[in-house]
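One structure is given here, and the rest of the page talks about it.
The values are calculated or read from the model by the stated rules, or taken from the named source; none is laboratory data. Everything numeric here is computed off the predicted structure, so don't read it as measured data. As a convention, Cβ positions derive from the backbone with ideal geometry for all residues, glycine included, and neighbour counts pool all protein chains shown. The area values use the complete protein model at the heavy-atom level, side chains included, leaving out ligands, DNA and RNA. Shrake-Rupley method; radii C 1.70, N 1.55, O 1.52, S 1.80 Å.
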Amino acid sequence: MRVGLQIAIVASMFTVIMTAIGYVLLVQLNKADPIKMEELTKNITPIFSFGIFIFIVMAGTMTFLIHSITNPVKKLRDAADKIAKGDLDVKISTKGTDEVRGLVISFNAMVNELRKAKEDQSMAMAKYKDLYDTSPGLYRTVSVDGIIADCNKSYAERLGYTIEEVIGSHYNKYTAPKDTDIMTHSFETWKLTGISKNIEISLKTKDGITFPTMISGTNIYDEKGTLIGCNNIIRDISEIYEARKNREKDATMELQVSEIRKMDKLKNEFASMMTHELKTPLTPIRGHCEMLKEPGLLGDLNQDQLDSINKIAENALRLERLIGDVMLAQRLEIGQMNFDKQKFEVTKLMSEIHNDYSQTMKEKQIEFVNSTREDLSLWSDKNRVRQVVDNLIQNAVDFTPKNGGRIEIGAKSEDSKVIFYVKDNGMGIPKEVQPIMFKKFYQVDASHRRKHKGSGLGLVICKGIVEGLGGGIWFESEPGKSTSFYFSIPLEVYYKNRLA
């Protein structure tokens, strides 16, 4: 309580007491006899002295009471000022009246609660700061001016900067050039509306490398509720973009594959139609050739005419075989080849093949050997197996030297399969072309002067037949010395189990 107010209170008390004493004396004087007036006058001095004594006692008591109330209140006021300035390390003693002590106890309890709340807030802020700083996600805090006020370590490192380099710079410094306008428009819209929407933006690293991100934000307000900035959470979606590109690529490839299949189907249908149409006129050509060669049937021919007819018949036969190879290759490619599976003796088949080619080999002065020694049987298509062996033998004949040539055929059992082989000591196959030997229309010698007049489909047909029968085909070749072709067909029990 101020000193002036205290003096005013004391003066007022003194006036009240003296007025009361004066009033009492006046009343007594009015009632007293003249004789007693002199005696009463003598007693006034003690009365005044007593009044002054009473005043002093009352003033002292009042002063004590005032100080016992005002001092704790002043301490409370000073403590409240410190709290308002953020200083919670205050504590007031509980001396004073009961009411003052109760007030001080309540005030101290309030300070303790505030101190605890501040500690909880500090812990929460520390946890948030720790999460912000150490999170693997990319975080940044941007003011309404577009300046980055803070960022975490992940954000700075992902962009190739330090945190100190990032803080204080504009957000568009890290936006890919192609997305700068989009980012600016989104930022200005957020400033006007306070609404932050997720947006896909590519960011740019210090090295100029861009990567796609998804940016979302939460608003930051001051104590008056004014928008002052936002916290951006940035997610690197490079993997999502890559997956999206792969899906689009797969969809494109699937569409392309579908178109290729349609084209292949049309090509196969066209090839089937053309080969059929080409084969049809060959029958009457060959028939008329045979009739012309028959003496007296259509007239007699001289030797030159007969040679010409033989050449026509020979080429017609070659063309028919070529067309047959094309048709067979097409059926194998589209999976329309039918196989007549039955049990047959492999050893007997190899003997038949050896006998059929023996005369031709003798004429060409080629040593022809059948090295089959086991008594073997198969459940398969005998004619197609024979066709594969025939093709391999014909290839061997074409590339085997006439003088000193040797061709060996045979069959043996191995790992639930029968292995057929045709070996020759011919020119071999160059290493650079070995990987493409089973491609369509490929031949080792593609020049115009090549001796082998085949279609280039023989090995393709062999591969298709063997794989259609459940086996495999391969070769071994040493350029300039030899070539060995092998193909395998599953044994009866094994192949029956596959069919089951």
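Residue-by-condition table, conditions (1) more than 16 Å from residue 353 (Cβ to Cβ); (2) hydroxyl-bearing (Ser, Thr, Tyr); (3) out of contact with any Phe, Trp or Tyr (no Cβ under 7 Å at 6 or more places or on another chain); (4) modelled with pLDDT under 85:
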position: 403; (1), (2), (3), (4): yes, no, yes, yes
position: 408; (1), (2), (3), (4): no, no, yes, no
position: 413; (1), (2), (3), (4): yes, yes, yes, no
position: 423; (1), (2), (3), (4): no, no, yes, no
position: 433; (1), (2), (3), (4): yes, no, yes, yes
position: 444; (1), (2), (3), (4): yes, no, yes, yes
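Restrict the check to region 276-286 and report whether at least one residue is assigned to a helix (DSSP H, G or I), at pLDDT 80 or above and either within 15 Å of residue 324 (Cα to Cα) or not hydroxyl-bearing (Ser, Thr, Tyr) (or both). Checking region 276-286: at least one residue is assigned to a helix (DSSP H, G or I), at pLDDT 80 or above and either within 15 Å of residue 324 (Cα to Cα) or not hydroxyl-bearing (Ser, Thr, Tyr) (or both).
For beta carbons closer than 8 Å, sequence separation of 6+ or different chains, a first residue in region 350-374 that is closer than 9 Å to residue 409 by Cα and among the hydrophobic types (A, V, I, L, M, F, W, C) and a second that is in a loop (DSSP other than H, G, I, E, B) and open to solvent by less than 40 Å² (accessible area, probe 1.4 Å), the qualifying pairs are 350/372.
Per-residue answers, yes or no, for (1) under 20 Å from residue 399 (Cβ atoms); (2) exposed (fewer than 14 other Cβ atoms within 10 Å of the Cβ); (3) at pLDDT below 90:
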residue: 309; (1), (2), (3): no, no, yes
residue: 314; (1), (2), (3): no, yes, yes
residue: 319; (1), (2), (3): no, no, yes
residue: 324; (1), (2), (3): no, no, yes
residue: 329; (1), (2), (3): no, no, yes
residue: 355; (1), (2), (3): no, yes, no
residue: 358; (1), (2), (3): yes, yes, no
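Any residue at all in region 193-201 that is in contact with a strand residue (DSSP E or B) (Cβ under 9 Å, 6 or more places away or on another chain), open to solvent by 70 Å² or more (accessible area, probe 1.4 Å), of a type in the set (Asp, Glu) and outside any loop (DSSP other than H, G, I, E, B)? Yes: region 193-201 contains one or more residues that are in contact with a strand residue (DSSP E or B) (Cβ under 9 Å, 6 or more places away or on another chain), open to solvent by 70 Å² or more (accessible area, probe 1.4 Å), of a type in the set (Asp, Glu) and outside any loop (DSSP other than H, G, I, E, B). Within region 233-253, restricting attention to residues that are closer than 18 Å to residue 153 by Cα and of a type in the set (A, V, I, L, M, F, W, C), the residue that is least open to solvent (accessible area, probe 1.4 Å) is 234. Criterion applied to 397, 388, 422, 433 was being within 29 Å of residue 326 (Cβ to Cβ), touching a Leu at 6+ places or on another chain (Cβ under 6 Å) and either surrounded by fewer than 19 Cβ atoms within 10 Å (Cβ to Cβ) or in contact (Cβ under 8 Å) with a residue 12 or more places away in the chain (or both), and the one residue passing it is 422. For region 360-382, filtered to residues that are within 53 Å of the chain's Cα centre (by Cα) and open to solvent by 50 Å² or more (accessible area, probe 1.4 Å), the residue that is nearest to residue 460 (Cα to Cα) is 382.
Considering only residues in region 154-187 that are among the aliphatic types (A, V, I, L, M) and surrounded by fewer than 18 Cβ atoms within 10 Å (Cβ to Cβ), the one that is farthest from the chain's Cα centre (by Cα) turns out to be 167.
Residues in region 158-174 that are in contact with a helix residue (DSSP H, G or I) (Cβ under 8 Å, 6 or more places away or on another chain) and either within 16 Å of residue 143 (Cβ to Cβ) or part of a helix (DSSP H, G or I) (or both): 159, 163, 165, 166, 171, 172, 174. Taking region 215-232 as the range and being open to solvent by 70 Å² or more (accessible area, probe 1.4 Å) and either in a strand (DSSP E or B) or acidic (Asp, Glu) (or both) as the test, the residues that pass are 218, 221, 223, 228.
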